[in-house]
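So the structure is just underneath, and the comments pick up after that.
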Amino acid sequence: MKHKFQYFSVGLIAGWLCVFGLLSFLVMVVMSFLQHDPDHIALWHFTLQNYVDLFNPIFFTIFLKSFYIAFMVTAACLLLGYPFAYIVSRFPERLQNMALLLLLLPFWTSSVVRAYAMMSLLKTKGLLNTALLSMGLIHEPLQILFTNTAVTIGLIYNLLPFMILPIYVNLERFDVSLIEAAKDLGAKYTTIFRKVIIPLSIPGILGGCALVFLPAMTLFFISDLLGGAKALLLGNLIESQFLMANNWPRGAATSVLLTAIMAIGLLVYKFKSSNKGIHYEAVI
Amino acid sequence: MKRFFCRGGSRAALKKWAWVALSLFCTVAMADDNVVNVFAWSQEVSPKVIRQFQKDTGIRVNFSTFDSNEVLYAKMKASKQAQYDVVEPSSYYITRMARENMIEKLDLSKLSNYKNLNPAFTHPDYDPKGEYSIPWVLGLTGIFVNRKYYPDDKIEKWTDLWSPKYRDSLLLLDDPREVFNVGLLTLGYSPNENNLQHLQKAYQNLVALLPNVRLYNSSSVPSMLIDEDVTIGMAWNADAYKASLQNPDIEFIYPKDKFVIWVDSFVIPRNAPHRDNAYKFLNYVLQAKIAALQVTETFYPTANQAALAYLPAKLANSPVIFPSDAVLKQGYFQTDIDDNALDAISRYWDLLKLQ
Amino acid sequence: MKQSFRFFYIALIYLFLYIPIGTLIIYSFNNAIFSMLWHGFTLNWYNEVLHDSNLWIAVWHSLYLAIAATASALFIGTLAAISLYRYHFRGKNMLEGLLFVVIITPDIVMGIALLILFSLSGLALGFWSLYIAHVTFCIPFVVVIVYSRAKSIDPNIFAAASDLGASELQTFWHIIVPILLPALISGALLCFALSFDDIVISYFVSGPGFEILPIKIFSLARLGVNVELNALCSLLFAMTLVLVCVSQWVTRQKRI
């Protein structure tokens with residue numbers, strides 16, 4: 001009986017993940033070494049050309065742009081999110097739950113809805129410009145929509161909680177007596193913050209950065225809606241290789257490269273902090 | 001709820017839930033076969049037309065949209081089985097799809113309303129025997145300008161867009177052929193150019209335009225024009241007309257250095273899963289009244305000449321939607337180009353969008 | 001840091017989070033087709049949305065898909081988590097590795113990998129392709145949540161159960177499931193939300209016959225700002241609000 005149950009449940013998940021996780025991934029890797037052919041999905045002919053193409057300076061620019069935007073988004077989320085997480089973690093418990101609920105509420109709606117909402121806010125005649133104009137802060141409407149700035153704002157808007165939650169979880173479990181001790185020893189508040197609080201929240205910060213940086217490179221629909229259809233993110237590049245250029249092998253090669261970058265990033269992160277489960281719990 | 005799970009009743013209750021879920025899962029309206037899957041250009045089929053079709057025939061339309069022929073082509077190639085019953089490629093893609101055996105020859109005996117079409121459009125050079133396609137909408141690509149922002153600018157040619165005045169402000173259509181048409185026309189070449197050297201020159205010409213380009217978009221043009229998110233650039237006549245109804249500052253210009261006339265047609269993919277419904281859909285939209293409704297809703301000119309009688313005078317006389325013959329003479333009909341030229345355009349297009 | 005400054009900062013962040021949605025809701029009552037300029041109050045757009053049958057079919061598809069994917073992922077994931085917790089078997093490390101790989105695979109990569117797989121195997125894009133994709137990306141989340149709860153079970157309980165003559169299945173239904181119930185509920189909620197909301201993966205593996213809400217909204221949003229979409233989004237937000245309140249209420253009841 002025990003064995004039946006065990007075989008069934010392990011077999012089920014192993015089978016499912018092998019076919020739809022592993023096999024599909026391997027098929028993609030194989031595809032990335034095949035030759036592009038306009039009339040078929042790919043030609044059964046080994047080539048490295050797809051990877052060589054990616055080192056073309058123009059593709060390289062996209063990588064840089066994508067990294068740059070993801071970096072800006074991560075930095076902004078950290079700067080905005082850390083104080084928020086810190087302040088909330090010092091609230092009384094009931095207030096903490098309330099604050100987190102309010103933080104997460106917009107994120108239970110669809111992410112496309114959020115991108116769309118940002119679009120209507122940033123329009124030339126959107127609320128932002130109307131408000132700034134009527135306050136007399138600007139005289140010409142700001143042209144934000146369809147720029148990199150708009151994409152960056154849209155990404156921050158979508159990803160901020162993924163930064164806040166891991167940091168919050170980290171700070172919330174944090175031993176207050178450490179601060180007391182530092183105070184007793186005569187440390188100034190800024191010193192405590194710099195020398196005690198920040199170092200202890202490094203795992204949360206790293207977790208948050210990983211959860212923000214990686215999606216920021218791939219959320220193609222945000223840059224589709226807010227960025228004026230110029231290829232900005234790696235996600236757009238992959239999307240257009242599959243759905244515009246109909247060049248699946250090169251799209252597969254780009255995806256393999258993206259996965260490799262992420263894997264390296266995560267290995268570094270895993271090396272720094274071993275407790276990954278926490279962050280997924282936190283996101284929930 | 002908790003009661004179910006705790007004590008003795010839990011197993012039976014869970015089983016019951018499982019059965020309910022399973023039976024729901026199996027019986028749910030999966031087997032809804034009275035449908036037709038239509039894949040068309042965004043904005044080119046009015047939702048009202050679809051709703052009326054559903055009401056009159058009881059056939060449900062799974063309507064999805066694309067923004068460029070490339071997306072349509074890639075989606076059709078992505079799956080071995082045919083998914084769509086009716087698709088709406090532009091002229092030059094019809095030649096290509098017919099050559100690659102992706103679409104069916106039409107059985108005109110099932111289309112009693114076919115006679116409503118203007119014969120001038122039924123045997124175009126992209127489908128010389130008229131056996132694959134049903135022309136649905138026509139369009140002309142020109143320049144729009146918001147006169148509130150540029151009251152006195154003299155804009156009558158494509159080349160005017162190259163002026164450094166318009167830095168970072170142009171809207172270009174998100175469509176490789178459309179943009180290359182501009183690049184070619186301003187150099188005096190035909191938009192249906194197969195000469196690779198000319199295409200390369202056109203590419204260099206477009207690179208010089210890039211500093212002026214603010215964005216590429218072809219699906220949300222009317223809304224952007226009305227709200228003045230963009231104030232100058234290229235647009236289709238119907239979109240510009242639609243916008244000008246709500247924002248009278250918008251002017252549409254047929255460029256003097258020539259422009260392109262395109263036709264988007266309905267075709268039936270090979271092995272369409274609901275072929276009979278596809279014919280019903282096509283015959284339905286070929287009715288004069290439905291075609292007229294389509295024009296009054298979307299403002300795209302139609303090839304359905306019987307529909308013209310049902311149009312309000314204001315529309316029928318609009319020089320933007322139905323330009324005079326003198327203007328039309330300046331237009332090129334867009335036709336197919338060979339694979340090498342198309343590949344070159346698609347390669348240059350990638351480069352343009354990446355810069 | 002001063003107290004007032006703290007509240008000011010928190011309020012600022014909330015403003016950033018809520019203003020876009022608030023704008024959307026306000027403008028869903030605007031009496032103009034495209035424009036964001038105020039043209040007077042109307043409920044017309046809600047009326048349009050409520051009568052757009054194709055839209056509700058997409059909503060129904062999304063719900064149906066989310067429920068099916070959640071149920072399946074919960075089933076597969078819970079069994080796996082329990083096995084991982086209770087048994088030692090060959091390849092256990094490999095299974096954990098596999099789960100980890102699926103977790104870290106970027107959404108877009110999973111989407112296109114499945115697209116290639118479906119395309120080569122000839123599976124038509126539609127309900128089944130979406131179902132498979134959604135179950136696949138939900139499973140690891142269920143395993144992680146259920147497993148971390150299972151770790152808190154005292155192993156002696158199993159010995160006690162078998163001493164008292166319970167079969168393996170009885171132990172499962174009468175002991176394990178009740179203990180894991182909170183984790184199952186939060187896992188189910190998460191899967192439902194992930195599936196109902198997913199766009200990146202669904203974008204690649206959806207077909208014309210089975211349109212789902214996020215894809216529909218995306219294609220509408222590409223047409224630019226329009227009020228009908230504003231109304232739809234406001235309705236969705238209201239629905240979310242109700243759901244979150246209900247789930248809060250349920251979990252609070254549970255705690256007591």
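The values are calculated or read from the model by the stated rules, or taken from the named source; none is laboratory data. As the structure is a prediction and not an experimental result, all values here were calculated from the model. Glycine gets a Cβ as well: all are built from the backbone with ideal geometry, and neighbour counts include every protein chain shown.
Some observations on this one:
- Residues being within 8 Å of another protein chain (Cβ to nearest Cβ), over 18 Å from the mean Cα position of the chain (by Cα) and either within 18 Å of A:Ser24 (Cβ to Cβ) or among the aliphatic types (A, V, I, L, M) (or both) - total across segment A:232-255: 7
- Hits in segment C:10-31 - residues which are touching a residue at least 60 places away in the same chain (Cβ under 8 Å) and at the interface with another protein chain (Cβ under 8 Å from one of its Cβ atoms): C:Ile21, C:Leu24, C:Tyr27
- Qualifying position, being modelled with pLDDT of 90 or more and touching a His at 6+ places or on another chain (Cβ under 6 Å), among C:Ala69, C:Ala81: C:Ala69
- Members of segment C:198-256 that are over 16 Å from the mean Cα position of the chain (by Cα), under 30 Å from A:Ser24 (Cβ atoms) and charged (D, E, K, R): C:Glu211, C:Lys216, C:Arg222
- Of the residues A:Ile58, A:Ile62, A:Ile69, A:Ile13, the single one that is touching a Gly at 6+ places or on another chain (Cβ under 8 Å) and either of a type outside the set (S, T, N, Q) or surrounded by 12 or more Cβ atoms within 10 Å (Cβ to Cβ) (or both) is A:Ile13.
- Residue in segment A:185-199 that is farthest from the chain's Cα centre (by Cα), counting only those that are of a type in the set (A, V, I, L, M, F, W, C) and under 30 Å from A:Ile69 (Cβ atoms): A:Phe193
- When C:Trp60 is tested against (1) under 20 Å from the mean Cα position of the chain (by Cα); (2) surrounded by 17 or more Cβ atoms within 10 Å (Cβ to Cβ); (3) within 30 Å of B:Phe53 (Cβ to Cβ), only condition (2) is not met.
- Restricted to helices (runs of 4 or more DSSP H) entirely inside segment B:281-355, those with at least 1 residues that are of a type in the set (S, T, N, Q) and at pLDDT below 90 are B:339-354.
- Among the residues of segment A:107-137, those that are of a type in the set (Ser, Thr, Tyr), closer than 16 Å to C:Leu24 by Cβ and in contact with a Leu (Cβ under 8 Å, 6 or more places away or on another chain) comprise A:Thr109, A:Ser110, A:Ser111, A:Tyr116, A:Ser120.
- Residue within segment A:23-31 that is of a type in the set (Phe, Trp, Tyr), within 11 Å of chain C (Cβ to nearest Cβ) and under 16 Å from A:Gly251 (Cβ atoms) present: yes
- Taking segment B:84-117 as the range and being farther than 17 Å from B:Tyr284 by Cα, part of a loop (DSSP other than H, G, I, E, B) and of a type outside the set (A, V, I, L, M, F, W, C) as the test, the residues that pass are B:Tyr84, B:Pro89, B:Glu100, B:Asn101, B:Glu104, B:Lys105.
- Any hit, segment C:227-239, residues being acidic (Asp, Glu) and either assigned to a loop (DSSP other than H, G, I, E, B) or under 30 Å from A:Leu234 (Cα atoms) (or both): no
- If only residues of segment B:64-83 that are part of a strand (DSSP E or B) and out of contact with any Pro (no Cβ under 8 Å at 6 or more places or on another chain) are counted, the one that is nearest to the other protein chains (Cβ to nearest Cβ) is B:Thr65.
- Listed here are the helices (runs of 4 or more DSSP H) enclosed by segment A:1-95 that have at least 1 residues being at pLDDT 90 or above and over 30 Å from C:Arg90 (Cβ atoms): A:24-31, A:49-54, A:57-89.
- Of all residues in segment A:104-117, those that are more than 17 Å from C:Ile199 (Cα to Cα) and either at the interface with chain C (Cβ under 7 Å from one of its Cβ atoms) or not in a helix (DSSP H, G or I) (or both) total 1.
- Boolean, C:Phe100 is more than 21 Å from the chain's Cα centre (by Cα), surrounded by fewer than 18 Cβ atoms within 10 Å (Cβ to Cβ), under 29 Å from C:Leu181 (Cβ atoms) and among the hydrophobic types (A, V, I, L, M, F, W, C): no
- Every listed requirement among (1) touching a strand residue (DSSP E or B) at 6+ places or on another chain (Cβ under 6 Å); (2) among the charged types (D, E, K, R); (3) under 24 Å from B:Thr298 (Cβ atoms) is met by B:Asp175 save one, (1).
- Only residues that are within 14 Å of chain B (Cβ to nearest Cβ) and among the hydroxyl-bearing types (Ser, Thr, Tyr) were counted across segment A:214-231, and they come to 1.
Residue-by-condition table, conditions (1) crowded, with 22+ Cβ neighbours inside 10 Å; (2) within 10 Å of another protein chain (Cβ to nearest Cβ); (3) at pLDDT 90 or above:
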{"position": "B:Pro164", "(1), (2), (3)": "no, no, yes"}
{"position": "B:Gly188", "(1), (2), (3)": "no, no, yes"}
{"position": "B:Lys201", "(1), (2), (3)": "no, no, yes"}
{"position": "B:Val221", "(1), (2), (3)": "yes, yes, yes"}
{"position": "B:Gly233", "(1), (2), (3)": "yes, no, yes"}
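- Checked against the criterion of being within 23 Å of B:Lys48 (Cα to Cα), in contact with a Leu (Cβ under 9 Å, 6 or more places away or on another chain) and part of a loop (DSSP other than H, G, I, E, B), segment C:41-61 contains one or more residues that satisfy it.
- Looking across segment B:52-105, the residues that are surrounded by fewer than 18 Cβ atoms within 10 Å (Cβ to Cβ), in contact (Cβ under 8 Å) with a residue 40 or more places away in the chain and more than 26 Å from C:Leu123 (Cβ to Cβ) come down to B:Gln52, B:Asp56, B:Thr57.
- Single condition C:Ser148 does not satisfy, out of (1) part of a helix (DSSP H, G or I); (2) at the interface with another protein chain (Cβ under 8 Å from one of its Cβ atoms); (3) crowded, with 19+ Cβ neighbours inside 10 Å: (3)
- Of note, C:Phe204 satisfies the criterion of being touching a residue at least 24 places away in the same chain (Cβ under 8 Å) and not in a loop (DSSP other than H, G, I, E, B).
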